[in-house]
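Single-structure report; data block below.
The values are calculated or read from the model by the stated rules, or taken from the named source; none is laboratory data. Everything quoted here is computed from the prediction, not taken from an experiment. We place every Cβ from the backbone using ideal geometry, glycine too, and count neighbours over all the protein chains shown. These accessible areas exclude ligands, DNA and RNA; they are computed on the full protein's heavy atoms, side chains included. Shrake-Rupley method; radii C 1.70, N 1.55, O 1.52, S 1.80 Å.
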Amino acid sequence: MPAASDTLPDDPATLKAMLVAERARAERLEQIIKELQRHRFGRRAETLPEDQLLLGLEDVEQVAASGEAETDATAPAERAARAAKRRTNRGSLPSHLPRIEMVIDIDDHACPCCRNALHRIGEDVSERLDVVPAQFRVLVVRRPKYACRACENAVVQAEAPARLIEGGLPTEATVAHVLVAKYADHLPLYRQAQIYARQGITLDRSTLADWVGRAAFLLRPVHDRLLAKLKASPKLFADETTAPVLDPGRGRTKTGQLWAYARDDRPWGGTDPPGVAYVYAPDRKAERPITHLAGFRGVLQVDGYGGYRVLAERSAVHLAFCWAHVRRRFYELAAAGAAPIASEALDRIARLYAVEAEIRGCSAEERRALRQEKSRPIVADIEPWLREKLALISQKTKLAEAIRYALSRWDGLTRFLDDGRIEIDSNVVERSIRPIALSRKNALFAGSDGGAEHWAVVASLIETCKLIGVDPQSYLTDVITRIVDGHPNSRIDD
């Protein structure tokens, strides 16, 4: 076997080139290992999510409240001061809540001094928030029958009201409650069955599944209309996330996709209400968004997935790319260790976001004008700087990949400068993806492609309700009741 030195080239230039290539390969592998370690053991978000931060603060506040309670037991003056401050800062309870009045009066209405009758000079009124635990009730429907004494053949009775589940137990409000608990509060059906069992209501999980399936079928026309209304907009956001689906034939799960198409014009004062529609597909092929967005003409704000480019090539769709995805690639490099180029890229992008914070809530024209004045010079400096750094580093590194990712999408990344309606990133639709991820985490997978389609239908209506400030429980109860009562599809916009 020849020695290692026998396999090395004699030419110093060739040897140097080999060493440089090996060093670049080692750096790339080291970066990949750091990313995997961060993905496995570290935070995935670039910033600490507010909900996660609040979880930590909850414990701190609980400890503080415990300490105050201990002090209140021994220091009445401090307790009275805290109570007065609490009454001043708490505000008033909503007026629509029912009031149950409790009068606490004295036993003796005679003056304690002269025993004359006391007269009322006023009263102190305080309100406290009370709760009645979730309670089931039974709606009993009686339909009297009438017969004629003169002729025995005439029997008259009012028609039975229509039901979602013919011959079944639930009212439309009960079914809506199950849908909201499953798709808004992320409670799988087996957990809901356990909750009902504690109230003495024995409902099999399969029974709840039957309710959900029937409701989802009735709600499909509403979902289709929602998607059609969104596609009529001049600008949309799009994103997709995995949807594990049980694959019985192979005894494991397969990976489907839930595509999200969202509209939110509130940052620039648009009048169209926000909304989001999810569509399930068994794969991530480029044909999926082409089919889903058939007829859409306008600006589509997306991440870097290549399938959207196929859509833009085949239709009148203009792509606006997301600066948050560009930033994320540099952030991963900077978070793994010393990375001066990546850190400087983050600083430059941060200056763009500072402008966006300043113009949030302005009109589209005002946003465009300020971006032209403040953001365009920043962007104009970033592109040549990226090209300069790319020429100086190895093309096989993760840093080179991050730079090429940005430069290859430059037209879409700069489109927001000339249109005040376009956002700097696609965080609007990414926020709409988070509830899907929570449901996926709790339910693990959908039972079938049909179940994933039901997931898309109901989640679309619930998340749209949340975006526009409507109670999903009340909305679904009303819509299901109307459809069961025969509301025509031709008037679905009602």
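Of the conditions (1) outside any loop (DSSP other than H, G, I, E, B); (2) free of Cβ contacts under 8 Å to residues at least 24 places away in the same chain; (3) not aromatic (Phe, Trp, Tyr), ILE382 clears all except one; give me its number.
Every condition holds for ILE382 apart from (2).
Among the aromatic types (Phe, Trp, Tyr), open to solvent by less than 100 Å² (accessible area, probe 1.4 Å), part of a loop (DSSP other than H, G, I, E, B) and in contact (Cβ under 8 Å) with a residue 40 or more places away in the chain - does that describe any residue in segment 122-136?
yes
Inspect segment 422-437 for any residue being under 24 Å from the mean Cα position of the chain (by Cα), small (Gly, Ala, Ser) and in a helix (DSSP H, G or I) and give the result as yes or no.
yes
Taking the residues in segment 349-358 that are free of Cβ contacts under 8 Å to residues at least 40 places away in the same chain and closer than 18 Å to GLN372 by Cβ as candidates, determine which candidate is least open to solvent (accessible area, probe 1.4 Å).
Among residues in segment 349-358 that are free of Cβ contacts under 8 Å to residues at least 40 places away in the same chain and closer than 18 Å to GLN372 by Cβ, the one least open to solvent (accessible area, probe 1.4 Å) is VAL355.
Which residues, taken from segment 377-414, are open to solvent by less than 60 Å² (accessible area, probe 1.4 Å) and within 18 Å of LEU300 (Cα to Cα)?
Passing the criteria: ALA406, ARG409, TRP410, GLY412, LEU413, THR414.
Taking VAL470 and the conditions (1) part of a helix (DSSP H, G or I); (2) closer than 22 Å to LEU187 by Cα, which numbered condition does it fall short on, given that it satisfies the others?
Failing condition for VAL470: (1).
Any idea which of (1) in a helix (DSSP H, G or I); (2) open to solvent by less than 40 Å² (accessible area, probe 1.4 Å); (3) closer than 23 Å to ALA437 by Cα is the one PHE237 doesn't satisfy?
Only one criterion in (1) in a helix (DSSP H, G or I); (2) open to solvent by less than 40 Å² (accessible area, probe 1.4 Å); (3) closer than 23 Å to ALA437 by Cα is unmet by PHE237, namely (1).
Condition check: surrounded by fewer than 17 Cβ atoms within 10 Å (Cβ to Cβ) and either without any contact (Cβ under 8 Å) to a residue 24 or more places away in the chain or in contact with a strand residue (DSSP E or B) (Cβ under 6 Å, 6 or more places away or on another chain) (or both). Does SER490 satisfy that?
yes
Looking at the structure I just gave you, is LEU417 of a type in the set (A, V, I, L, M) and surrounded by fewer than 16 Cβ atoms within 10 Å (Cβ to Cβ)?
No.
Could you check ARG250 against (1) surrounded by 14 or more Cβ atoms within 10 Å (Cβ to Cβ); (2) of a type in the set (D, E, K, R); (3) modelled with pLDDT under 90 and say which number it fails?
(1)
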